[in-house]
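The values are calculated or read from the model by the stated rules, or taken from the named source; none is laboratory data. Given the structure is predicted, the values throughout are model-derived calculations rather than measurements. All Cβ positions, glycine included, derive from the backbone under ideal geometry; neighbour counts span all protein chains shown.
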């Protein structure tokens, strides 16, 4: 029986594009109507490190045996006291291992270190499992929603956690 190697979390590189696109595409495919068209709507996935650096943020991936199995990013928001969590995804095969919590904790700790007093995020209304995950971690869903007018016809809920 082989030894299972725990994922290694590291700063993302632009060369992670294929693995990151596979990760997010896999996660979105679990939900009817979610369409990942990288070129039309998510071109920043082709250079994720550059994209987040240019926004004044950070992005990490979790890698297991040369496969990207998780991701999370942070970027500033208009309020200088806040940070936005972006693209928390965990490959189905890597779920229920604590990886999502580890990635979220990394983001929260980094936000605090940057001086943020809150962290917020937006999550597609279809991602109900993710909503329960966030709520267990102390995020509160606000009544605010936004329509993205994208190929997936997405509406998102707003969540926030104060530190």
When you scan the range 130-138, do you find a residue that is in contact with a strand residue (DSSP E or B) (Cβ under 8 Å, 6 or more places away or on another chain), more than 15 Å from residue 79 (Cβ to Cβ) and part of a strand (DSSP E or B), even just one? no
Check whether at least one residue in the range 101-124 is more than 24 Å from residue 57 (Cβ to Cβ) and modelled with pLDDT of 95 or more, and report yes or no. no
Would you pick out the residues in the range 59-116 that are assigned to a loop (DSSP other than H, G, I, E, B) and over 21 Å from residue 47 (Cα atoms)? 65, 78, 79, 80, 81, 95, 96, 97, 98, 114, 115, 116
Taking the range 37-50 as the search range and keeping residues that are within 14 Å of the chain's Cα centre (by Cα) and in a helix (DSSP H, G or I), which one is surrounded by the fewest Cβ atoms within 10 Å (Cβ to Cβ)? 44
What single numbered condition from (1) crowded, with 19+ Cβ neighbours inside 10 Å; (2) in a strand (DSSP E or B) fails to hold for residue 10? (1)
If we scan the range 133-156, do we find a residue that is buried (at least 19 other Cβ atoms within 10 Å of the Cβ), in contact with a helix residue (DSSP H, G or I) (Cβ under 8 Å, 6 or more places away or on another chain), more than 22 Å from residue 91 (Cα to Cα) and at pLDDT 95 or above? no
Among the numbered criteria (1) in contact with a helix residue (DSSP H, G or I) (Cβ under 9 Å, 6 or more places away or on another chain); (2) in contact (Cβ under 8 Å) with a residue 60 or more places away in the chain; (3) farther than 17 Å from residue 28 by Cα, which one does residue 92 miss? (3)
Do we find a residue being under 18 Å from residue 160 (Cα atoms) and in contact with a helix residue (DSSP H, G or I) (Cβ under 8 Å, 6 or more places away or on another chain) anywhere in the range 52-60? no
Of the listed residues (101, 115, 70, 56), the one being surrounded by fewer than 18 Cβ atoms within 10 Å (Cβ to Cβ) and under 19 Å from residue 130 (Cα atoms) is 101
Does residue 49 satisfy the condition of being touching a strand residue (DSSP E or B) at 6+ places or on another chain (Cβ under 9 Å) and more than 20 Å from residue 148 (Cα to Cα)? yes
Scan the range 110-131 for residues that are over 15 Å from the mean Cα position of the chain (by Cα) and closer than 30 Å to residue 5 by Cβ and jot them down. 112, 113
Taking residue 156 as the residue in question, decide whether it is assigned to a helix (DSSP H, G or I) and within 23 Å of residue 12 (Cβ to Cβ). no
Report, by residue number, each residue of the range 16-36 that is touching a helix residue (DSSP H, G or I) at 6+ places or on another chain (Cβ under 6 Å), surrounded by 18 or more Cβ atoms within 10 Å (Cβ to Cβ) and not in a loop (DSSP other than H, G, I, E, B). 17, 20
